[in-house]
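The values are calculated or read from the model by the stated rules, or taken from the named source; none is laboratory data. These numbers come from a predicted model, not from an experiment. Heads up, the Cβs are rebuilt from the backbone with ideal geometry, glycines too, and the neighbour counts pull from every protein chain shown.
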Amino acid sequence: MRTVLLFAAVAGLILGTGFLQSWNSALLILNMGLISAVMALGVNLQWGLAGLFNVGVMGFVALGGLAVVLISMPPVGTAWQAGGGSILLGLVLGAATIVAAVLVWSRTSGKLRGWGTAAVLLIGLVVYRMVLDPAVESVEAVDPALTGYLGGLGLPVLLAWPVGGLLAAGAAYVIGKTALGLRSDYLAIATLGIAEIVIAILKNEDWLARGVKNVIGLPRPVPYEVDLQNDPAFVERAAGFRMDATTASTIYVKIEYGLLFAAVLILLLVLAQLALNSPWGRMMRAIRDNETAARAMGKDVTARHLQVFILGSAICGVAGAMMTTLDGQLTPGSYQPLRYTFLIWVMVIVGGSGNNLGAVLGGFLIWFLWVQVEPMGQLLMSVITAGMADGSWLKAHLMDSVQHMRLLTMGVILLLVLRLNPRGLLPER
């Protein structure tokens, strides 16, 4: 009953936004709440189920966004002719250098190990840069105002969502093999640093996804509003609901996005619940609660941590692809690891760590507050300062403080939940 009431309360908040503000705003909150709930599910799988402290969430979300560009955008033929093949060759040489260095390190000993590994890395780096750098310059010089990158495969955008999960899972495997042996606080630092590296690559490698120039006009899985507005049948149906075609088209598109996002969330939630209640889930909770005892029972703790780290990161990658699809553009500058990773962690903690439904609830509730706190703060400050004289320094100060209400509110909510109900609104059973 508590679960039903809390979800009903959140639904009431979103419906209230539709009645009091606009249905476009309510549907936008709903869609981003669905995406946030998917991200929270991924983090809850890592932290709530396995106790892994991953603060590099935005890195995996960014990789999901990159997948949308690589899969759905059409290839830039002139860029491929200018240096696409050489870039691929350079990447292969870079990967081969790393593999060769690992082989030399593992199969030699003594002084030969260090000097041999260093020689392989140095020679490989020189060859790699000799092949890659000229090709990158040639590609980025191809109509840089509009393209300047290789483009993608030109496939349906919905294929990018699972590919985003696979891309994030691959990165998580590489990270997990090197970082999961670290203590929790060191793991947090390592994942945050790796997330910064991923985002720095997206910002600076223009040949990959235009860097900070952004990729706009990404394909959509739903119709364009202008096409609906030019469809006589749609205009007639909108008139039947006493709505103009412009408003009706934006609402229709947001509803279609919401149905797609809801289908993904329900599928992932069902799978997460099955995993939680399976023998594998019970084993993961046993490892989380007492690694020493789990090792004594013959469990491979490191391998299980790697499994759940990959699964949680893949879910965050899917969410990143969904978010980029909704935005219709890839903007690497908007990925701020500390800010948005903090927000996702607040969702998990407030909703209830270890409870999948709690993570989903936290995703919806915290995103609603993140969006609505500022206008509510504006209204509150207007009421408080109503009797103050215009031009008063205190009135100006209070009105200017509205823009800081979001972070203040998130901090206060987190403190209250941790103080009054430290296990979250929907605690783990």
Exercise for the section: Say whether the condition of being touching a residue at least 24 places away in the same chain (Cβ under 8 Å) and buried (at least 19 other Cβ atoms within 10 Å of the Cβ) is met by at least one residue in the stretch 386-404. Expected result: no
Handout entry: Some residue of the stretch 377-397 being at pLDDT below 90, under 26 Å from Ala8 (Cα atoms) and among the aliphatic types (A, V, I, L, M)
Key = yes
Completion exercise
Filter the stretch 238-252 for residues that are touching a helix residue (DSSP H, G or I) at 6+ places or on another chain (Cβ under 7 Å) and in contact (Cβ under 8 Å) with a residue 12 or more places away in the chain; the one that is surrounded by the most Cβ atoms within 10 Å (Cβ to Cβ) is Ser249
Fill in the blank from the handout: Scanning the stretch 67-92 for residues that are out of contact with any helix residue (DSSP H, G or I) (no Cβ under 6 Å at 6 or more places or on another chain) and assigned to a helix (DSSP H, G or I) gives Leu70, Gly77, Thr78, Trp80, Gln81, Gly84, Gly85, Leu88, Leu91, Val92
Practice task
Read through the list (1) of a type in the set (Gly, Ala, Ser); (2) touching a helix residue (DSSP H, G or I) at 6+ places or on another chain (Cβ under 9 Å); (3) modelled with pLDDT under 80, then give the number of the only condition that Gly424 fails.
Solution key: (3)
Fill in the blank from the handout: Listed by first then second residue, the pairs whose first member lies in the stretch 351-370 and is over 29 Å from Ile287 (Cα atoms), whose partner is buried (at least 24 other Cβ atoms within 10 Å of the Cβ) and not aliphatic (A, V, I, L, M), with beta carbons under 6 Å and at least 6 positions apart or on separate chains, are Phe364/Gly33; Trp367/Gly33; Trp367/Ser36
Exercise for the section: Please determine, by comparing only the residues of the stretch 96-109 that are more than 33 Å from the chain's Cα centre (by Cα) and of a type in the set (Val, Ile, Thr), which one is farthest from Gly148 (Cα to Cα). Expected result: Thr108
Practice task
Using the structure shown, decide if Ala209 is closer than 20 Å to Val43 by Cβ and in the same structural domain as Gly317 (by TED's automatic domain parsing).
Solution key: no
Practice task
Could you pull out the residue among Leu93, Leu112, Leu122, Leu66 that is surrounded by 15 or more Cβ atoms within 10 Å (Cβ to Cβ) and either closer than 16 Å to Leu208 by Cβ or over 33 Å from the mean Cα position of the chain (by Cα) (or both)?
Solution key: Leu66
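Could you list all residues from the stretch 1-50 that are within 26 Å of Ile310 (Cβ to Cβ) and not in a helix (DSSP H, G or I)?
Gly48, Leu49, Ala50
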Problem - Of all residues making up the stretch 355-379, the number that are crowded, with 23+ Cβ neighbours inside 10 Å and more than 18 Å from the chain's Cα centre (by Cα) - result: 2
Fill in the blank from the handout: For helices (runs of 4 or more DSSP H) lying entirely in the stretch 127-236, having 2 or more residues that are under 18 Å from Ala79 (Cβ atoms) picks out 184-204, 206-209
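One line per residue, one yes/no per condition, for (1) surrounded by 23 or more Cβ atoms within 10 Å (Cβ to Cβ); (2) more than 22 Å from Gly84 (Cα to Cα):
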{"residue": "Leu159", "(1), (2)": "no, yes"}
{"residue": "Gly165", "(1), (2)": "yes, yes"}
{"residue": "Ala168", "(1), (2)": "yes, yes"}
{"residue": "Ile175", "(1), (2)": "yes, yes"}
{"residue": "Arg183", "(1), (2)": "no, yes"}
{"residue": "Ala188", "(1), (2)": "no, yes"}
{"residue": "Ile194", "(1), (2)": "no, yes"}
{"residue": "Lys203", "(1), (2)": "no, no"}
{"residue": "Val212", "(1), (2)": "no, no"}
Handout entry: Residue count for the stretch 247-286, restricted to those that are of a type outside the set (D, E, K, R), part of a helix (DSSP H, G or I) and over 30 Å from Gln229 (Cβ atoms)
Key = 17
Exercise for the section: Determine if the stretch 32-53 includes at least one residue that is more than 30 Å from Ile287 (Cβ to Cβ) and surrounded by 24 or more Cβ atoms within 10 Å (Cβ to Cβ). Expected result: yes
Practice task
Could you tell me whether the stretch 278-287 includes any residue that is β-branched (Val, Ile, Thr) and surrounded by 18 or more Cβ atoms within 10 Å (Cβ to Cβ)?
Solution key: yes
Exercise for the section: Scan the stretch 230-237 and give yes if some residue there is more than 22 Å from Asn31 (Cα to Cα), buried (at least 17 other Cβ atoms within 10 Å of the Cβ) and under 35 Å from the mean Cα position of the chain (by Cα), otherwise no. Expected result: yes
Problem - Filter result for Val308 (in a helix (DSSP H, G or I), modelled with pLDDT of 95 or more and either surrounded by 15 or more Cβ atoms within 10 Å (Cβ to Cβ) or outside the structural domain of Ala172 (by TED's automatic domain parsing) (or both)) - result: no
Problem - Selected residue (only one of Val174, Val163, Val215, Val198 is among the β-branched types (Val, Ile, Thr), without any contact (Cβ under 8 Å) to a residue 60 or more places away in the chain and either in the same structural domain as Val38 (by TED's automatic domain parsing) or out of contact with any Phe, Trp or Tyr (no Cβ under 6 Å at 6 or more places or on another chain) (or both)) - result: Val174
Exercise for the section: For residues that are of a type outside the set (Gly, Ala, Ser) and in a helix (DSSP H, G or I), scanning just the stretch 287-301, find the one that is farthest from Gly51 (Cα to Cα). Expected result: Arg295
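The rows are residues; the columns are (1) out of contact with any Lys or Arg (no Cβ under 9 Å at 6 or more places or on another chain); (2) among the basic types (Lys, Arg); (3) over 26 Å from Val38 (Cβ atoms).
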| position | (1), (2), (3) |
| --- | --- |
| Ala245 | yes, no, yes |
| Leu267 | yes, no, no |
| Leu276 | no, no, no |
| Trp280 | no, no, no |
| Arg285 | yes, yes, no |
| Arg295 | yes, yes, yes |
